[in-house]
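A.B. asks: This is the structure, below, for whatever I ask next.
Read-outs throughout are calculated quantities, based only on the coordinates presented, and are distinct from any laboratory measurement. Quick caveat: nothing in here was measured; it's all calculated off a predicted structure. Here Cβ is always computed from backbone atoms with ideal geometry, including for glycine, and neighbour counts include all displayed protein chains.
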């Protein structure tokens, strides 16, 4: 029995419960899966058909460098960035499998001893 049907059958109060499920395709094989992904997301297709999100692109060197330089007061969190942006940017690329977004953020946080929620999120949230 599909997961959605199981939840509907076994749940007493379905209006107060929500399930969000994300499948992450680390290998890039999603296009070879035998799964129907609708071209357009419409209410009638939810939750029966999965939604295929856009593929994440690797960050390029200039994007990482620009991100560091565009931070408001970069010297507060990244004092050495101001002095040698190119060196640190290349280090981030080398330690993130050439710019995979998750690994870029992980390396930046590790490299600068930062916590995502306490230090970074507040800088990028308007």
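A.B. asks: Using 1/(1 + (r/R0)^6) with R0 = 41 angstrom and r between the beta carbons of residue 91 and residue 21, what's the FRET efficiency to the nearest 0.05?
C.D. replies: So, using R0 = 41 Å, E works out to roughly 0.70.
A.B. asks: Here's a follow-up. Mind ranking 89-99, 108-118, 30-40 by how tightly packed they are, going by the mean number of other C-beta atoms within 10 angstrom, highest first?
C.D. replies: 89-99, 108-118, 30-40
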